[in-house]
1. Count neighbours as other Cβ atoms within 10 Å of each site's Cβ, and list the GluC sites (Glu not before Pro) in region 56-165 that are DSSP loop with at most 15 such neighbours.
2. How large are Rg and Dmax for region 4-99 when calculated on the C-alpha trace, in angstrom?
3. Please order LEU218, LEU208 by the number of other Cβ within 10 Å, starting at the fewest.
4. May I ask you to derive the relative contact order of region 4-99, considering only C-alpha pairs under 8 Å and at least 6 residues apart, and to give it as an integer percent?
5. Calculate, for TYR66 and LYS116, the FRET efficiency according to 1/(1 + (r/R0)^6) with r their C-beta to C-beta distance and R0 35 Å; round to the nearest 0.05.
6. Roughly speaking, what is the centre-to-centre gap between region 117-139 and region 144-164 when only Cα atoms are used, to the nearest Å?
7. At a Förster distance of 35 Å, what's the computed FRET efficiency of ASP170 paired with SER146, Cβ-Cβ distance as r, to 0.05?
Amino acid sequence: MIGSRTFYATYASVEGLTKSAPITVNGFNVGSVVGMELTPDGQNVQLTLLIQDDVEFSKNSKAQIYETGLIGGKAVAIIFANDGARPAVSGDTLTSEVKDGLTELVNQRLTPLQEKIEAMMVSADNLLKNVNDIFDDRTKNHLRSSVAKLDSTLSGIQMLTSSAESMLRDNSSKVAQTFDNAEQFSKNLLSISDTLTQADFAGTINRLNSSLEAVSALLEDIEKGEGSVGKLLKDDQLYENIDGATAQLKALLQDMKLNPKRYVHFSIFGKRPKSYDLKKNNTLELNKDE
């Protein structure tokens, strides 16, 4: 029969652990809790552990309380130290440890989450209060009116869309003809573009430049007084001769008006006309003008 050794471990709390709870090594049962009592100061709980003799472990190993499952209660596990210290002997007090169970882990996760939810609820409550302050009766009425107008606008758009669809459906042949005409126009425009591309624009421009150069040379000659036109425009003597001839013609016409008998003669009695003295006549004319 395998013998047993007695060990002790002290805990601040052993809630959920019962007397006769199993003691395990890597999940294998090697003993049980045989005693549970308060320490003399009443602050902690001391457990008495009964473990089989064939289980060897260091005196620095831990006696860890852990949960065996959601509804399976608690047990004590021996966590080997493997530090080369002397083996534990009966009567030694092992280092105690409590592993957080599912409940503790859930509480650790839920507590911060609960605080965040509470803070979020406070913020949401403030937000709703501010929203209620903003959306007073007047604002709500405006919103209702805007929504009604939006609904009316959407209805109008729907009617317009229906009308457009109906118009396109009724005039589908005309629309198709319009696209055909546009395609034909594009082809014609492309043909015209090809024709313009093939046209000799360079030759036309060269001939135009030659013509402009000839006109420029002609104008330059006229400005210099060369050629018939240039001499006509630049010869002062020609201008004076024409001006003098014009003056004499004017004087002749004036004299014909004043003395028609000198140029047209009628003689009933056969008298000969007097000869015309140009020098004397000019002198008389000058005296009349003075």
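Read the figures in this text as sums done on the coordinates, not as results from a lab. Since the model is a prediction, treat every value here as computed from it, not as a measurement. With ideal geometry, Cβ positions are generated from the backbone for all residues, glycine too; neighbour counts draw on all protein chains shown.
1. On the way: sites: GLU56, GLU67, GLU97, GLU104, GLU115, GLU118, GLU165; in loops: GLU56.
Here the GluC sites (Glu not before Pro) that fit, given the DSSP loop and packing criteria, are GLU56.
2. Using the Cα atoms of region 4-99, the pair Rg, Dmax is 12.5, 37 Å.
3. LEU208, LEU218
4. Normalised by residue count, the contact order of region 4-99 is 35 percent.
5. It comes to 0.75.
6. 32 Å
7. Efficiency, rounded to the nearest 0.05: 0.45.
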